[in-house]
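Structure, as structure tokens:
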Amino acid sequence: MLRFGTDGVRGRAYEELLPDDVVRLAQAAAEVLSPIGPVVVGRDTRESSAEFAAALAAGFSSVGVSTIDMGVAPTPAVAWAAAQASTPGAMVSASHNPWYDNGVKLFSPDGRKLDDEVQAALESTLGDSSDSAVSALGAPPRTSDGSGLLRDYQQAVANTADFDGRDLCVVVDAAHGSATSVLPGPIQAHDVTLAVINSSPDGRNINHRCGSTRPETVAKAVRKQNADLGLAFDGDADRVLAVDHTGELVDGDQIIAICAADRHEQGRLLGDTVVVTVMTNLGFHRAMAQRGIHVVTTPVGDRHVWSALQEGNWALGGEQSGHVIFPSLATTGDGMLTALQLLEVVARRGLPLRELAAEAMTKMPQVLHNVALGPDPIDEDLLSAAVAAAEKTLGSDGRILVRPSGTEPVLRIMVEAETPHIANSIAADVAAAINQ
């Protein structure tokens, strides 16, 4: 049975996730979300995405709901289009995962990711659904062209920033993914000198040794071209990481810190508050406290960040991974929009990104170990004892977080400490305890 993780449903294409499953998901979404107009559908560039997008269209059509096909598009473009039309949206993507995985992200008619209650209702409806999937796949879908929406999205995103980028030279890594459908438009609209790399998708090269999961690729290109900075998107372009002119990584925590500090100084940070997740670096918390900026912490997942932002009416939040949300500008994390907000600060301040990042926060060394989950349950007593010992060792000079991944069958161990050696040693000890 399909289950929702931290970001939609996801699995190995044609093994853990089948076209029939996607049809049933569309049928369930039609019942639970009750669209009053056509559902907006987009996809990334992986080999299976076109077939799964067709399965979505077939599933919706089988219950009398038409679709608008945006084709290859960023996930936030689908969310934006859904909000514009006040209709649900569906994106076929496995985000930063390898090409052989795929998934579906669903959006409500206001362009937001679904909350836990709606996802639970969908899972329940899926459990009751049945044999109609196979017959639906054979029927012609009721769909229309959505390429105009993609063009409108590009203009809308470009308009969220106002700066003169003529003095900036930027390298962008499109990850052979959804970003290829909108580059270079929104960035070049601000006269930035732009070089785009990894923008030739072939169905199997999405995220492969490139993009936000491999920022060293864009770093190398930045150094080679003597560029001012680099930007690296993930496969569906809902997140972005940066590198400075030396190739040093500027992650999501630092991007949020730069934007928070800038907005705070301008009096534009509502409630002087930012929202981040439990994975956010301790150095971020210290830097915000020094500026008098309050930090609200949520579980991992940008939809949790969005919920907190809405509840508090705050203006900025996100994740270390590069999902950044500006609620007054978008309904979800948007890599292209975030890139433009960062470039605007760089251009207006007239300082190198490296200097802005150092000014915004000092990162504590942080390591992340993944422990594969087998068929046998973890010994919770051993794990608790190992975590308690780690916390005692770290004291107030670090922290440890152990959590199951929402997208992979692994347990994630995150440790922050004063030195990388201490962090790695503690993470290894906890991992060893789990594997006993």
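Couple of notes before you dig in:
- Value of [θ]222 nm, deg cm²/dmol, for the chain, DSSP H segments ≥ 4, -39500 (n - 2.57) each, nearest 500: -12500 deg cm²/dmol
- Extent along principal axes [Cα atoms of region 202-352; Å; largest to smallest]: 42, 35, 27
- Exposure of residue 113 as accessible area (Å², to 10), given a probe of 1.4 Å and all protein chains: 30 Å²
- Restriction of the trypsin sites (Lys or Arg not before Pro) in region 207-304 to DSSP coil positions whose beta-carbon has at most 14 other beta-carbons within 10 angstrom yields 209, 268.
- The residues of the chain expose, per residue, 40 Å² of accessible area to a 1.4 Å probe.
- Full extension of the chain segment joining residue 431 with residue 311 gains 39.5 nm, where the gain is 0.36 nm per residue of separation less the Cα-Cα distance.
- The Rg/Rh ratio for region 1-70 is 0.94, where Rg is the radius of gyration of the alpha carbons and Rh is the Kirkwood radius.
- Modelled spin labels at residue 147 and residue 162, positioned 7 Å past Cα toward Cβ, are 3.3 nm from each other.
- Relative contact order, percent, the chain [alpha-carbon distance under 8 Å, six or more residues apart]: 14 percent
- Rounded percent of accessible protein surface that carbon and sulfur make up, the chain, 1.4 Å probe: 49 percent
- For the chain, modelled as a GNM whose springs connect Cα atoms under 10 angstrom apart, the maximal fluctuation among 423, 81, 232 occurs at 423.
- Using only the C-alpha atoms, the convex hull of the chain corresponds to 136 Å³ per residue.
- For region 228-275, alpha-carbon Rg and Dmax in angstrom: 12.7, 35
- Taking every alpha-carbon pair within region 345-436, the share separated by more than 15 Å comes to 63 percent.
- Cα gyration tensor of region 145-242 - equivalent ellipsoid semi-axes, whole Å, descending: 20, 19, 9
The values are calculated or read from the model by the stated rules, or taken from the named source; none is laboratory data. Treat the numbers as computed from the prediction; the structure is a model and nothing was measured. Positions of Cβ are backbone-derived with ideal geometry, glycine not excepted, and every protein chain shown enters the neighbour counts. All accessible areas refer to the heavy atoms of the entire protein, side chains included, with ligands and DNA or RNA removed. Shrake-Rupley method; radii C 1.70, N 1.55, O 1.52, S 1.80 Å.
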